[in-house]
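To keep things clear, I will list the structure first and then write my remarks on it.
The values are calculated or read from the model by the stated rules, or taken from the named source; none is laboratory data. The model shown is predicted, which means the values in this text are computed figures rather than measured ones. Protein only, heavy atoms only, side chains kept; ligands, DNA and RNA dropped before computing areas. Shrake-Rupley method; radii C 1.70, N 1.55, O 1.52, S 1.80 Å.
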Amino acid sequence: YIRPESVDKHRCLRAITVRPYIYTRKIAEIIMGAHMGAPLLDVSGGLCYNLTGDIMIAVSLIDIDKKNQHSHAHRLLRECLKKRNVEYSSSELIAKGEYGKPYLKESPQIKFNLSHADGIAACIVSDRECGIDCERVRAYRPNVMKRAFSPKEAELVEASEQSERDLMFFRLWTLKEAYVKTLGTGISYPLDTAEFLFEDNRIITDIAGYKFRQYIIGGGEYVVSVCEKLSETL
């Protein structure tokens with residue numbers, strides 16, 4: 001689990017006990033930089049974020065009005081872009097692609113994605129197409145599962161312990177959302193065709209050319225999933 005602690009009224013990711021749910025490598029390598037000599041976390045203005053190579057993931061746990069969640073997510077983006085010497089201070093710098101995915105007008109080579117939900121906001125910045133989705137775990141709706149989950153995914157949720165079913169639902173849901181946001185194709189994508197399962201603490205999927213990561217925060221209160229498109233040269 002990733003355990004949040006308080007910093008300047010923001011609860012941030014400050015300490016980590018490893019529970020890996022990563023597609024290709026351990027969570028310690030991603031967040032702690034255990035094998036790369038990277039610092040545990042970089043904290044600025046109460047916002048916690050991690051920079052590893054060409055990717056930055058920022059997460060903020062904060063209770064704010066729903067109408068202010070979007071602007072708070074953009075604050076995370078602003079903090080991330082500072083590390084790339086990009087000044088971002090206005091939504092006028094944001095343009096949208098064919099299906100509505102936003103990008104930076106002046107720096108289109110920098111890819112980013114935002115997400116926010118009740119009590120949480122998240123941002124990813126990368127050199128590759130990427131997507132991020134965060135959710136506060138709550139009671140799931142079976143009708144949504146019927147529409148968006150494959151039979152195997154629905155079976156996985158229903159076979160989970162009663163106390164774990166909501167968490168399992170949102171683990172799968174956020175992976176689907178992160179993938180579709182990476183594609184940038186909008187809500188028309190058939191979510192039930194993007195199938196994810198778990199085996200020995202690993203994310204299992206037949207989707208080729210993409211890397212997935214997942215963070216379970218606050219003892220299962222929040223889930224953050226990340227998707228990156230792999231380089232075509234890999």
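Side notes on the structure shown:
- Entries of LYS82/LYS229; LYS66/LYS176; LYS82/LYS146 with Cα pairs more than 32 Å apart: LYS82/LYS146
- Shown for region 131-232: the carbon plus sulfur share of the solvent-accessible area, taken with all protein chains present and a 1.4 angstrom probe, equals 48%.
- Rotationally averaged projected area of region 106-170 (alpha carbon convex hull; nm²): 6.0 nm²
- In Hz, Karplus ³J(HN,Hα) per residue of region 135-149 (6.51, -1.76, 1.60; θ = phi - 60°; x = Gly, Pro): 8, 8, 5, 8, 5, 7, 9, x, 5, 5, 5, 4, 7, 10, 9
- Cα-based reach from LYS83 at 19 Å (exclusive), listing lysines while leaving out same-chain residues under 8 positions away: LYS105, LYS111
- Residue-normalised convex hull volume from the C-alpha trace of region 139-234: 108 Å³ per residue.
- Summary of the geometry: region 140-171 and region 73-107, compared by the centres of their Cα atoms, lie 34 Å apart.
- Distance histogram in 5 Å bins (all Cα pairs of region 54-122, percent per bin): 3, 16, 28, 24, 19, 9, 1
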